[in-house]
Protein chains: 2
Amino acid sequence: MTLERRYVSSTDVARHAGVSQAAVSRTFTPGASVSPAMREKVLAAARELGYRPNLLPQALQTNRTGLIAVAVGNLHNSFHAEVLQKLTESIQATGRQVLLTKVTSSYAIESMLDQIAGYRVDALISNLAVLSTPMAKRLSELRIPVVCFNSRIKTEWVSSVSSDNRSAGVAAAELLARSGEVFAFVDGMAESPSAHARRGGFQQGLERLGRNPPMIVSSDYSYESGQAAAEVLFDGKTRPDSVFCVNDHVAFGLIDVLRRKGLRCPEDVRVIGYDGVTLAGWDAYSLTTFDPNLDAMVELTLKLTLGETEEGRKGVLRTIPPLLIERRSTGAPA
Amino acid sequence: MTLERRYVSSTDVARHAGVSQAAVSRTFTPGASVSPAMREKVLAAARELGYRPNLLPQALQTNRTGLIAVAVGNLHNSFHAEVLQKLTESIQATGRQVLLTKVTSSYAIESMLDQIAGYRVDALISNLAVLSTPMAKRLSELRIPVVCFNSRIKTEWVSSVSSDNRSAGVAAAELLARSGEVFAFVDGMAESPSAHARRGGFQQGLERLGRNPPMIVSSDYSYESGQAAAEVLFDGKTRPDSVFCVNDHVAFGLIDVLRRKGLRCPEDVRVIGYDGVTLAGWDAYSLTTFDPNLDAMVELTLKLTLGETEEGRKGVLRTIPPLLIERRSTGAPA
DNA sequence: ATGAAAGCGCTAACAG
DNA sequence: CTGTTAGCGCTTTCAT
């Protein structure tokens, strides 16, 4: 009924081995000077008692917990799950651990910040669509270095890593303009910098090619909102024949509605997504998409998080070029 | 370049407010007795300095960190992402936090245990396919209470919550036997208790109905292994017309290969999955599946984790009945 | 190389 | 109600 357990302490081990507590500590400290004999004695005692050094007082002493908070929103979109997965692996590879924080509403951000600040995390990686500016201010009060994934916030304590959304938008325009006449962009939410850049690039690309500007409908990045977007786009007089969606999930919803309406993809409508999720490669959709190069993004994010870049801790804004993957949804053979 | 930051301490606040350190501590302790005047003074000082109580020494003192470790394997399967999501939400709702631990290989389990033991987590929830018995022993040495998700391990320190896989298997047999003649089961890996029970129930159900036993091929739960299973099943002389897959992702892979071979689902082959993932409900597959009732599973898991059940901390084995959702893949209208 | 002792920032008696 | 004091289990001087 109770959670009471007492973990074995270094003092317990010291007593058991008949040595000082400091000796135990040294045995478990990588660079410390202990004689082989002593080390053996201590390790034996530790093994017998099932001792693991307690990282809490260690953190208290050294002022570093080895905990990195990772804030996520919704994991329904497999892209976000993938990001979390890779971040976690990389963080663990450095010997640190992930404090996972799921943020439900943007109002909940404040209290989650207090929570993770309480655990004295070494840094925070935010995988949230938006982390408002007042929030960034609060963070600097707490003195927590932050790196945002797919955002563009930048303050003294906040850096951001994002996909090169704008140039991807241009590339999408170029690909679709090869065979299309009427264009559409399924947007994300107003506050999202990624969606904004994708749209901007798409519009600019079409303009440069002398094409008509795209129709715009918005979405909330979900499958369902992709379906809703399709209902709007393919109901009126002028139907688009080329659609760039803000992400893959929206494209899936759109395509499913297209099919239900008897429209074929790619013959009647070409579709491009964004994120390069696994499902996009399956036969069911074979969706052309932008692979954001997650490995590179994650690696850079971690470098910035640990302050291992030239710029050190100063907030920076970095961009990773995505890779266009052409599939059947835009007429590619395979 | 350095991660050096010093968080504001209660002593800092006390000095700033001209009161004792204990007064600060009390102000931030829910049930403590502090005068309104004192509380105000302290809170003002805390606000000015951006103070958040440090949970590390608190944990050191009270012997409870408020951290629950959640071990996950691969999040590629959206079912696991969903589980993680719900677990995290529930844990955070109790004011606790999640220490996310991704385990890559089963060999890595050992070192991950040491890590999380170091953080003195209050409990561990394992969402891994397998947590071997020697591992369970190691856990009891460390005195960490464990609850396994979808497993059947049970020791003094380890409890398990799982879907009622066996009766689901029986139900799958009953549904498929309505229109089928030749049955197949796409199995999971040998060590998995869930897969074993699903298969056992399916076989038993068919036998009771006087049907032939199913053909069996195995998979590793992935989409790709579902494809491979289909290549095997639909290549020989006798083709199954009714397939029960160990999970949804395997079913997706199988269905994609079916289609490529020109076989129609459900006309030529009826397919059932397991997990009730979101994608199973999309038009692209419309897959009949078992919804394991995640909410109930998560709730029970958390109750056991926090030792809030009648049994208290003793290891127990509990089962949640899943819900069969019939869709087009077995001939249901919608 | 080892032990003794101080201190990290908190909680929890114990006085007053 | 408030301040003082003693730890929680480590790391880290400082002696030896």
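The values are calculated or read from the model by the stated rules, or taken from the named source; none is laboratory data. Just so it is clear, the structure is predicted and the values come from calculations on it, not from any experiment. When we count neighbours, we look across all protein chains shown, and the Cβ atoms used for this are built from the backbone with ideal geometry, even at glycine.
Residue by residue through the stretch A:16-28, note down the ones that are near DNA strand C (Cβ under 9 Å from one of its atoms) and either within 14 Å of chain B (Cβ to nearest Cβ) or of a type outside the set (A, V, I, L, M, F, W, C) (or both).
A:Gly18, A:Ser20, A:Gln21, A:Ser25, A:Arg26, A:Thr27
Looking at (1) within 14 Å of chain B (Cβ to nearest Cβ); (2) of a type outside the set (Val, Ile, Thr); (3) free of Cβ contacts under 8 Å to residues at least 40 places away in the same chain, which is the one condition that is false for A:Ala251?
(3)
Hey, among the residues in the stretch B:266-291 that are acidic (Asp, Glu) and within 22 Å of B:Leu87 (Cβ to Cβ), which one's surrounded by the most Cβ atoms within 10 Å (Cβ to Cβ)?
It comes out as B:Asp275.
With a cut-off of at least 2 residues that are surrounded by 22 or more Cβ atoms within 10 Å (Cβ to Cβ) and free of Cβ contacts under 8 Å to residues at least 40 places away in the same chain, name the strands (runs of 3 or more DSSP E) lying wholly within the stretch A:137-225.
A:146-149
Condition (residue is over 26 Å from A:Ser222 (Cα atoms), of a type outside the set (A, V, I, L, M) and more than 7 Å from every other protein chain (Cβ to nearest Cβ)) applied to the stretch A:79-93: is it met by at least one residue?
There is at least one residue in the stretch A:79-93 that is over 26 Å from A:Ser222 (Cα atoms), of a type outside the set (A, V, I, L, M) and more than 7 Å from every other protein chain (Cβ to nearest Cβ).
Could you list, in sequence order, all residues of the stretch A:4-15 that are surrounded by fewer than 17 Cβ atoms within 10 Å (Cβ to Cβ) and away from chain B (no Cβ under 14 Å)?
A:Arg15
Among A:Phe79, A:Phe28, which is more than 16 Å from DNA strand D (Cβ to nearest atom) and within 27 Å of B:Gln97 (Cβ to Cβ)?
That would be A:Phe79, the only listed residue that is more than 16 Å from DNA strand D (Cβ to nearest atom) and within 27 Å of B:Gln97 (Cβ to Cβ).
Pairs please, first residue from the stretch A:1-13 and among the small types (Gly, Ala, Ser), second anywhere and within 15 Å of DNA strand C (Cβ to nearest atom) and modelled with pLDDT of 70 or more, Cβ atoms under 6 Å, 6+ apart in sequence or on different chains.
A:Ser10/A:Gln21; A:Ser10/A:Val24; A:Ser10/A:Ser25
Report the residue count in the stretch A:110-126 for those that are in contact (Cβ under 8 Å) with a residue 24 or more places away in the chain, surrounded by fewer than 21 Cβ atoms within 10 Å (Cβ to Cβ) and not charged (D, E, K, R).
Total satisfying the criteria: 1.
Just name the residue that is farthest from B:Ser140 (Cα to Cα) out of those in the stretch A:35-50 that are within 12 Å of DNA strand D (Cβ to nearest atom) and buried (at least 18 other Cβ atoms within 10 Å of the Cβ).
A:Val42
Out of all the residues in the stretch A:152-180, which are modelled with pLDDT of 95 or more, farther than 19 Å from A:Ala251 by Cβ and touching a Ser or Thr at 6+ places or on another chain (Cβ under 8 Å)?
A:Val161, A:Ser162, A:Asp164, listed by residue number.
Considering A:Thr289, A:Thr309, A:Thr319, which residue is in a strand (DSSP E or B) and either under 26 Å from B:Ala280 (Cα atoms) or within 14 Å of another protein chain (Cβ to nearest Cβ) (or both)?
Of A:Thr289, A:Thr309, A:Thr319, the one residue that is in a strand (DSSP E or B) and either under 26 Å from B:Ala280 (Cα atoms) or within 14 Å of another protein chain (Cβ to nearest Cβ) (or both) is A:Thr289.
A:Arg143: modelled with pLDDT under 90 and at the interface with chain B (Cβ under 8 Å from one of its Cβ atoms), yes or no?
For A:Arg143, the condition - modelled with pLDDT under 90 and at the interface with chain B (Cβ under 8 Å from one of its Cβ atoms) - is met.
Can you tell me how many residues within the stretch B:292-305 are within 14 Å of chain A (Cβ to nearest Cβ) and surrounded by 19 or more Cβ atoms within 10 Å (Cβ to Cβ)?
Looking only at that region, the number is 5.
Among the candidates A:Arg96, A:Arg120, which residue alone is in contact with a helix residue (DSSP H, G or I) (Cβ under 7 Å, 6 or more places away or on another chain) and more than 22 Å from A:Ser162 (Cβ to Cβ)?
A:Arg120
Residue under question is A:Thr62, and the condition is that it be among the hydroxyl-bearing types (Ser, Thr, Tyr) and within 8 Å of chain B (Cβ to nearest Cβ); does it hold?
So A:Thr62 does not fit the description; no.
Quick one: in the stretch A:29-53, of everything that is touching a Ser or Thr at 6+ places or on another chain (Cβ under 8 Å) and under 26 Å from B:Ala123 (Cβ atoms), which residue is nearest to the other protein chains (Cβ to nearest Cβ)?
A:Pro53
Write out, first by first residue and then by second, each pair whose Cβ atoms fall under 8 Å of each other, whose residues are 6+ apart or on separate chains, and whose first residue, in the stretch A:261-284, is away from chain B (no Cβ under 13 Å) while the second is assigned to a loop (DSSP other than H, G, I, E, B) and β-branched (Val, Ile, Thr).
A:Leu263/A:Val269; A:Tyr274/A:Val246
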